[in-house]
Each structure stands twice: as structure tokens, then as C-alpha cells.
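Here is the structure we will look at.
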Amino acid sequence: MTAATQLSIYNGACSAIGERQLQPASAGASYSSENREVRRALDDVWNRGGVRTCLSMGLWNFAARGAQWNFDPDITPPFGYQYAFQIPQDWVRWMMVCQDPYYQAPLLQYTGEASYFYCDLQMLWVKFVSDDVRWGMNMAMWPDNFQRFVELYFAEQVCQRITGKDPGEGKNSVSSRVVAALKKAKSTDAMNEATTMLPSGQWRQARHGRRGGLERGNKNSFYG
């Protein structure tokens, strides 16, 4: 596959449900302005964070963002843990939260509420799936199998609206193809790096919605 674009995702979804391909808005455009119900339906999925949802379904190495994380001195936890860290807007899900820059010593004592992460350390090393345009939303970096999974996920979301058929109906249903595509995408992505899972702890994923290696630059920020 060539590099993914919004239009290529839409057209992959169209193919999956037997719809005619959408035409680009202009020569070389990566989106379509064609006045069709399928485009409006796919726009709805896109605008509701469809790609972000796909990113949340795996510990994707291509979307992994690593950083050294210093506590925020302007935030005082109400009780319990001593230090607070503000979770960045592009966070999708945790991959690792560690006490060392080599990601060998996982942090076991912590908790989280809304946009904040609390523990008794002043500095952490974290890795998370990011939907920033430099990481998870950098579609030029998407592996082929992940692109195919996203196309099928979009197809599943619009199938009933466009075709009137249940996406889970039939032996080779759209829904079953989504499951198979996700499994394949995870398998091929895992071959690129042996990912360490975030250990069980007290983390409560209260937040929904917002390439690897230690990030350089401003060590007090995810955006250095």
C-alpha cells in the first residue's frame, strides 16, 4: 500500500461494503468533497475520533512516544501520593510507566484521575500511544496492516447506514474482517519491537479521548 490518507481510508471502507470509490476534491487531494451519503457517513466517523479509537486498540510501536516526565510543582495532590503529573493531550493509552530511562523498572504504585497521574516519585520515564501528528496520526508512518484495519473499522461503522445490512451478518462479515485485520496488524507491529506491557497497578483509566525512543529536548515537557 501507499501512504495512507483520509481519502484512501474512505475508499478502502467503500470497497469493503461494495460502494463506488470517492473522487478527490481536486487533482492530488487527500480528501473528497463528493456530495454522497457514504462520504458524509465516513466524515462522521472521522470527526468522532475514528482513527483515535483504532489507535486505542493496540500498543502500536509506530505510534509510541517516549519521554522523561518531571512532576508539576504547581499541582498539589489533595492526599496520598506526593507528586502530580499532567497527562498530555495526545495521550491515547499507556505502554510503559517506569522509574528508569531504560524502561527496565516499572512503576507499581500510582493512581490517576481525569487528566492527572499521581505517585511518590518526582521523575518518571513513560511511553504511550500518541495521536499527535508526529506519531500515531502521522499516516505516512502507518504499516500496511494497520491501514487495512482502519479502513475496515470505518467500513463497519458505516455499513448499516449505507447498505442497510448488519455489519456482523454473514460468514465473511465486515465485523469478522475487522477482528481478523486487528489481529494481523497487532502481530506484524509486535515483530518490530518486543513491547513491554504496563504492569497491573492502581491506574484507573478515567480519561477517554486525546516512534519510539526517549524524547529529547525540554525534559520538563512532552513537547520539548
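The values are calculated or read from the model by the stated rules, or taken from the named source; none is laboratory data. Computed from a predicted model, the values in this text were never measured in an experiment. Note: ideal-geometry Cβ built from the backbone for every residue, glycine included; neighbour counts use all protein chains shown.
Key figures for this structure:
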quantity: Segment 148-174, residues that are part of a helix (DSSP H, G or I) and farther than 26 Å from Thr2 by Cα; calculated: Gln160, Arg161, Ile162, Thr163
quantity: Per-region count, segment 144-164, residues out of contact with any helix residue (DSSP H, G or I) (no Cβ under 6 Å at 6 or more places or on another chain) and over 21 Å from Asn35 (Cα atoms); calculated: 2
quantity: Sole residue being crowded, with 21+ Cβ neighbours inside 10 Å, in contact with an Asp or Glu (Cβ under 9 Å, 6 or more places away or on another chain) and polar (S, T, N, Q), chosen from Gln109, Gln157; calculated: Gln157
quantity: Odd one out for Thr76 among (1) at pLDDT 95 or above; (2) more than 22 Å from Leu59 (Cβ to Cβ); calculated: (1)
